[in-house]
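First up is the structure itself, then whatever we jot down about it.
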Amino acid sequence: MAEDPITVLLIDDQPMIGEAVRRMLLPEKDITFHYCSDPTQAFKVARSCQPTVILQDLVMPEMDGLVLVRFLRAHNAPTKYVPLIVLSSKEEPVIKAKAFELGANDYLVKLPDKAELIARIRYHSKAYVNLLKRNEAEAILQSENLRMAKELDMLRQMQRMILPNSEELEAIEELEIVGYMEPADEVGGDYYDVLYTDGIATIAIGDVTGHGLESGILMVMTQTAVRTLKEIRELNPVKFLDALNRTIYKNVLRMNSEKNLTLVVLTYTQGKISISGQHEETIVVREGGLVERIDTMSLGFPIGLDEEISDFINHTTIKLNPGDGVVLYTDGIPEAYNINKEQYGIERLCEVLSQNWQDSAEEIKQAVINDVKEFIGEQKVFDDITLVVVKQKEIENQELDDDPEVFEEQERELDDDPETFEEQELIEEVKGNKRKRLGFFRKL
């Protein structure tokens, strides 16, 4: 491998010394030699030839050699980091020590042996060139980091812009819905959305593996795909999640990424919620604070992990009365750690929900977030935190219990697929038995 070129600048008032050094270096094809006899012109010559090593005499009539060392090492000098080898006519420990104190890199009694001089020049030049390369690489890296930071900031803003706004949520007359999302880094991998079309509210929450640029992009892809499928009125949970998975899976392949996400989709209309997809447990809270935990592991499969997941998709239905509700979250809440390496846990989340369920959805959400942050304390947040609280409002002039048309359109879609939902009633019964019921948590 070719060595980096070396440029030597000698500053010495004796032309004879300059000629001697020139002759020593002449056979070395990778070394270029420059000579300056006037120390007052040293900066000018240095700017011109860009030396990788400077040889400097300590005894010159125009300027004291130690003063010149100080100038060459000045804060704003172009030669501040160029290796400096001082030359002296004799060994003087005090002068040598002073030269090193002022910033000299080496000290030689002139004229040194040719082999020794060339070896020292090569050693110091190589170190300097490596420093220049490292500084250049760091500058490029810093510039790239700034560029990526701007891109991440744009993606982070985009993520926040596509979250449901308060006007959209308030338009859903039967439900009180609030959401919260805080990424661990500039760009998070958590996703949630609330859509309302033809009197049907669709609530989705997901968690992309990891966080950062790739996870953020996949989150935006998921939001777009979910919205598209809802706009075309796809109600069948198998067809819905299967189409979503194929879209995400193929994009993940294009990205050459290993990302995937858990995702659960809730469809609400007239007091009933259909749940499909695999994610964290879905928490159902009844009016008095009774908590039910629904395991979603058997309701779906991670999105983007495999091309074919239709055999794993299922759904279950729960009924909400006024005052009942559902809470969705990502693992950033139960898996949050405090300084003692203790996890927040799902049980603590359920207890906070139960104790505050008599309040508004906004107050419930804030109570959970405050409790999580108080638990975490000064510990660094390692994962995104997302929470969605849904609460059934009091509905006047509407008997939800006796409405035979509830989910009629969705059930009709499910009936059209006898192979998948051949024993739907049995499945519903099994799902109901899998719900984990907790005792009442009463606020004291």
How many residues does the stretch 297-325 hold that are more than 22 Å from residue 188 (Cβ to Cβ) and outside any loop (DSSP other than H, G, I, E, B)?
12
State the number of residues belonging to the stretch 26-55 that are over 53 Å from the mean Cα position of the chain (by Cα) and open to solvent by less than 10 Å² (accessible area, probe 1.4 Å).
2
Could you identify the single residue in 388, 291, 284 that is open to solvent by less than 30 Å² (accessible area, probe 1.4 Å), among the aliphatic types (A, V, I, L, M) and in contact with a Cys (Cβ under 6 Å, 6 or more places away or on another chain)?
291
Please give the number of the condition residue 152 fails out of (1) surrounded by 16 or more Cβ atoms within 10 Å (Cβ to Cβ); (2) modelled with pLDDT under 90; (3) part of a loop (DSSP other than H, G, I, E, B).
(3)
May I ask you to list the residues in the stretch 316-337 that are of a type in the set (Gly, Ala, Ser) and surrounded by fewer than 17 Cβ atoms within 10 Å (Cβ to Cβ)?
323
Pairs where the first residue, in the stretch 222-248, is closer than 18 Å to residue 162 by Cα and the second is open to solvent by less than 40 Å² (accessible area, probe 1.4 Å) and acidic (Asp, Glu), C-beta under 8 Å, 6+ apart:
223/193; 226/193; 227/193
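Going by the conditions given, is residue 262 touching a residue at least 24 places away in the same chain (Cβ under 8 Å) and open to solvent by less than 30 Å² (accessible area, probe 1.4 Å)?
No.
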Which of the residues belonging to the stretch 371-413 are outside any loop (DSSP other than H, G, I, E, B) and at pLDDT below 80?
408, 409, 410, 411, 412, 413
Per-region count, the stretch 350-370, residues open to solvent by 30 Å² or more (accessible area, probe 1.4 Å), assigned to a helix (DSSP H, G or I) and of a type in the set (D, E, K, R)
3
Which pairs turn up if I take residues in the stretch 143-169 that are more than 17 Å from residue 226 (Cβ to Cβ) and look for partners that are among the β-branched types (Val, Ile, Thr) and surrounded by 14 or more Cβ atoms within 10 Å (Cβ to Cβ) with beta carbon separation below 6 Å, at least 6 apart in sequence or on another chain?
152/187; 155/187; 156/187
What pairs come out if I take residues in the stretch 178-191 that are more than 10 Å from residue 215 (Cβ to Cβ) and pair them with residues that are modelled with pLDDT of 90 or more and basic (Lys, Arg) whose C-beta lies under 9 Å away, six or more apart or interchain?
178/365; 178/391; 179/365; 180/365
Among residues belonging to the stretch 291-306 that are among the hydrophobic types (A, V, I, L, M, F, W, C) and within 18 Å of residue 390 (Cα to Cα), point out the one that is farthest from the chain's Cα centre (by Cα).
291
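The values are calculated or read from the model by the stated rules, or taken from the named source; none is laboratory data. Because the structure is a prediction, the values reported are computed rather than measured. Ideal geometry is used to build each Cβ from the backbone, glycine not excepted, and the neighbour counts take in all protein chains shown. Each accessible area value is taken on the protein alone, full model and side chains, heavy atoms only, with ligands, DNA and RNA left out. Shrake-Rupley method; radii C 1.70, N 1.55, O 1.52, S 1.80 Å.
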